[in-house]
Every structure is written in C-alpha cells, then in structure tokens.
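The values are calculated or read from the model by the stated rules, or taken from the named source; none is laboratory data. From a predicted model like this one, the values you see are computed outputs, not experimental measurements. All Cβ positions, even for glycine, are placed from backbone atoms using ideal geometry, and neighbour counts span all protein chains on display.
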C-alpha cells in the first residue's frame with residue numbers, strides 16, 4: 001500500500017446508500033435487543049452519577065450535577081453506539097461473514113461498502129443519541145430549543161467515530177485487538193472529555209492533549225445546545241469535527257481496500 005492511496009479521492013456513488021439500506025434491513029431484525037442495551041447503560045450511568053454522586057457534589061457553573069452531566073451522556077452514548085458497530089460489527093462482516101467480499105463482487109465498489117458502513121454508523125449515532133436526548137427531555141434537563149439541532153451534530157460525530165472504528169478494523173488481526181481500541185482510546189476519552197466535570201481544573205498540558213481528541217468537541221456542542229449556551233466558540237468545535245472527517249475519510253477506505261486485496 002502506498003501513501004498516495006490515503007489521499008486518493010473516494011469514488012463516491014449512490015451505491016453507498018444501497019449498502020446502508022442493506023445494513024438497515026438487517027438491523028430491523030435485532031433493533032429491540034440492541035436499542036435496549038444502548039438505552040439502559042447510559043441511563044444507569046445518568047441515574048447513578050446524577051442522583052447518587054450528585055447528592056454530594058455542589059452545583060457546577062450554576063447547574064445541578066445532573067443537569068451538567070446529562071448532555072455529555074448524549075454525546076458519549078452516540079460515541080459508544082457507533083464505535084461498537086464500526087469495529088465488531090464491521091469486522092464481523094468483513095472477516096467472518098465475508099459480506100464485504102460478496103458486495104464488491106457486484107457492481108458496487110469498496111468505497112460504496114465502507115462509506116455505506118460510515119452512514120450506518122452515523123445513523124446509529126443519531127438514533128441512540130436522540131434516545132438519550134428524549135430521556136433527559138422527559139426528566140426536564142433540556143433547557144433550550146437549540147437542542148433540536150443536536151441530531152445534526154450527532155450525525156457528523158457519528159461519521160467521525162465511524163472513520164476511527166473502521167480504520168482500526170482495517171488494521172485489526174482478531175477481535176481481541178479491539179480491546180486496545182476501547183481500553184486505551186475510547187475509555188480515556190470518555191473520562192477525560194468533560195462528560196463528568198469541567199476541564200478548567202486540569203493542567204494546561206492535559207487540556208491541550210484533550211483538545212485534540214474528538215469527544216470533547218462533541219460534548220461541548222451537546223452541552224451548549226441542550227443548555228442554550230450558544231456562541232461562536234461552538235463553531236470551532238463543529239469545524240474541528242468536520243475537518244477531521246474531510247482529512248481522514250479516505251484512511252479506512254485505503255486500509256480496507258489493501259486488506260481485501262491481500
């Protein structure tokens with residue numbers, strides 16, 4: 001595989017929507033069990049941290065602890081949903097079920113397959129993030145109609161985390177290699193991206209490192225929209241997410257193309 005493969009413009013076509021539709025059709029058979037898992041876990045976190053720990057934590061920036069952490073769980077729930085799909089789900093379709101190979105034997109291309117999986121990941125990001133958004137709305141934790149724009153943010157963040165997950169899937173040898181991805185990358189982001197506490201108290205060098213991780217920008221956007229704390233500074237977070245997508249969208253395509261060609 002050559003460096004130029006990473007910078008080659010993806011051959012985008014309507015075929016990716018056919019791949020997305022195929023994945024969606026499969027999901028229709030498992031959605032009840034799947035959505036229940038992704039609904040209960042963040043709800044347990046929200047109740048345990050918000051009502052449990054929140055009883056011992058003073059207000060943060062004029063907000064109760066439950067109000068403060070709720071938007072962060074919208075962002076993190078979306079991240080976990082798309083990450084599981086674009087790692088274990090995509091790897092299963094690629095290496096075990098040979099779905100990727102079957103699709104590219106048709107007139108569809110590898111770009112269609114990978115981009116279709118990215119769209120499917122973005123769909124799951126919007127779906128599961130919106131479920132948690134609906135939960136916190138029923139709890140009276142949504143303070144602004146700006147929250148209606150949050151699914152748009154979840155779509156772009158879903159593409160971003162799908163790119164990351166599919167990149168790892170293109171490199172992984174076995175399912176066990178995803179333990180490194182979740183333990184060494186996603187879990188640190190989860191606990192250090194401002195979901196549970198403000199980042200102002202962190203050392204400057206830590207804050208600089210965190211700024212280069214994607215979840216912190218999604219959390220900033222989610223908290224700003226849910227709480228109505230909207231300003232031009234949120235455009236920086238949105239630009240970071242979109243810039244990441246533009247720069248790295250071809251990386252998983254190149255890796256998976258090389259993997260399937262071997």
Within the range 134-184, count every residue that is without any contact (Cβ under 8 Å) to a residue 60 or more places away in the chain, within 23 Å of residue 257 (Cβ to Cβ) and part of a loop (DSSP other than H, G, I, E, B). 2
Would you mention how many residues in the range 229-252 are assigned to a loop (DSSP other than H, G, I, E, B) and surrounded by 13 or more Cβ atoms within 10 Å (Cβ to Cβ)? 3
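Yes/no matrix, rows are residues, columns are (1) modelled with pLDDT of 95 or more; (2) under 30 Å from residue 92 (Cβ atoms); (3) touching a helix residue (DSSP H, G or I) at 6+ places or on another chain (Cβ under 8 Å); (4) surrounded by fewer than 20 Cβ atoms within 10 Å (Cβ to Cβ):
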residue	(1), (2), (3), (4)
174	no, yes, no, yes
177	no, yes, yes, yes
199	no, no, yes, yes
205	no, no, no, yes
208	no, no, no, yes
218	yes, yes, yes, no
Can you name the helices (runs of 4 or more DSSP H) wholly within the range 29-105 that have at least 2 residues being more than 24 Å from residue 156 (Cα to Cα) and free of Cβ contacts under 8 Å to residues at least 40 places away in the same chain? 31-47, 99-104
